[in-house]
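The values are calculated or read from the model by the stated rules, or taken from the named source; none is laboratory data. Keep in mind that this is a model prediction, so the values were computed, not measured. All Cβ positions, glycine included, derive from the backbone under ideal geometry; neighbour counts span all protein chains shown.
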Ligand code: MEV
């Protein structure tokens with residue numbers, strides 16, 4: 001039996017624009033998903049979860065069929081790992097996630113990444129992080145139709161990453177203090193990415209410069225993180241939030257949380273991830289409590305989100 005875990009993430013700059021080749025800056029956070037895998041002698045993959053999703057049992061030969069249920073990422077992850085390893089076996093898979101689902105915090109990427117490592121260990125050939133990251137990105141593309149490598153790469157490697165699609169990822173070391181506010185509204189990344197594509201195709205001369213401006217903000221954000229210029233990082237987050245609104249992915253609740261955080265003294269605040277609900281982040285000083293209280297006053301949950309330097313890992317193997 002092997003237990004693997006992988007962290008969730010927040011996107012500091014560049015969500016959506018990264019789908020169109022712009023860079024993104026993302027950070028892994030100390031909220032993880034745990035996947036336990038045990039090989040069995042049946043020809044079935046049994047998946048269960050500590051939340052209320054229930055148990056499913058799929059014959060191995062049906063694993064490649066398109067799926068729409070809650071375990072679609074895990075099924076695809078198992079399928080592609082079997083293909084990559086050229087081996088397959090019956091498996092009992094147990095999932096425990098501490099990342100709020102469908103909230104922009106990378107829960108799908110985390111379960112995918114942790115499952116790929118755990119299945120590869122169960123097959124007797126643990127995969128390296130580069131391979132895990134690339135297989136996990138393929139899973140997201142297959143399940144969502146379009147996906148950048150941002151979430152899967154951040155969950156695999158951990159830390160803060162500057163991601164330029166198709167290029168080598170750069171790691172930044174910075175002690176950023178972040179607060180996450182959760183609107184409580186679940187939403188679908190697939191639908192939001194699709195909506196941005198539609199508005200982009202409708203008004204190319206307007207939307208293309210907005211996407212490019214987000215790319216410039218991300219590049220500038222990288223410099224300011226290296227310089228540890230918190231005021232400028234916050235200002236750039238605010239600019240990014242305005243442009244995300246113009247892509248149509250912010251909403252009233254997210255803006256309320258963003259303004260509450262800014263009024264409570266945050267250096268800057270913006271939605272994080274696909275938007276449309278989900279979460280926002282605020283850059284704070286050493287004392288996050290004031291910003292957390294301001295978000296909670298809006299009736300939403302908030303938590304301090306230390307950056308996780310560790311990506312995917314084996315928690316135990318017996
Ligand atoms: C989702 O966490 C981030 C998006 O940019 C989609 C992606 O990068 O695949 C909205």
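So that you can scan it fast, the table gives a plain yes or no per residue for (1) surrounded by 17 or more Cβ atoms within 10 Å (Cβ to Cβ); (2) in contact (Cβ under 8 Å) with a residue 60 or more places away in the chain; (3) within 18 Å of residue 307 (Cβ to Cβ):
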{"position": "121", "(1), (2), (3)": "yes, yes, no"}
{"position": "124", "(1), (2), (3)": "no, no, no"}
{"position": "132", "(1), (2), (3)": "yes, yes, no"}
{"position": "161", "(1), (2), (3)": "yes, yes, yes"}
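Within the option set 179, 193, being in contact (Cβ under 8 Å) with a residue 60 or more places away in the chain, assigned to a helix (DSSP H, G or I) and within 23 Å of residue 254 (Cβ to Cβ) holds for one residue only, 193. When the residues of region 124-159 are filtered to those that are in contact with a strand residue (DSSP E or B) (Cβ under 8 Å, 6 or more places away or on another chain) and away from the ligand (no atom under 15 Å from the Cβ), the one that is farthest from residue 98 (Cα to Cα) is 126. Could you list, in sequence order, all residues of region 302-317 that are within 20 Å of residue 286 (Cα to Cα) and out of contact with any helix residue (DSSP H, G or I) (no Cβ under 8 Å at 6 or more places or on another chain)? Result: 305, 306, 307, 308, 309. The number of residues in region 106-146 being in a loop (DSSP other than H, G, I, E, B), in contact with a helix residue (DSSP H, G or I) (Cβ under 9 Å, 6 or more places away or on another chain) and over 15 Å from residue 317 (Cα atoms) comes to 3. Consider residue 153 carefully, then state whether it is in a loop (DSSP other than H, G, I, E, B) and crowded, with 17+ Cβ neighbours inside 10 Å. Answer is no for this residue.
The residue that is nearest to the ligand (Cβ to nearest atom), among those in region 9-31 that are assigned to a strand (DSSP E or B) and surrounded by fewer than 24 Cβ atoms within 10 Å (Cβ to Cβ), is 31. Listed by first and then second residue, the pairs with beta-carbon distance under 6 Å, at least 6 apart or on different chains, first residue in region 5-27 and without any contact (Cβ under 8 Å) to a residue 40 or more places away in the chain, second crowded, with 24+ Cβ neighbours inside 10 Å and in a strand (DSSP E or B), form an empty list. The helices (runs of 4 or more DSSP H) falling completely within region 199-318 that include 1 or more residues that are touching a residue at least 60 places away in the same chain (Cβ under 8 Å) and out of contact with any strand residue (DSSP E or B) (no Cβ under 8 Å at 6 or more places or on another chain) map to 204-227, 252-263. Does region 244-261 hold any residues that are in contact with a helix residue (DSSP H, G or I) (Cβ under 8 Å, 6 or more places away or on another chain) and surrounded by 20 or more Cβ atoms within 10 Å (Cβ to Cβ), and which are they? Passing the criteria: 244, 247, 249, 250, 257, 258, 260, 261. Comparison of 53, 42, 67 shows that the only residue that is in contact with a helix residue (DSSP H, G or I) (Cβ under 6 Å, 6 or more places away or on another chain), more than 16 Å from the ligand (Cβ to nearest atom), at pLDDT below 95 and in a loop (DSSP other than H, G, I, E, B) is 67.
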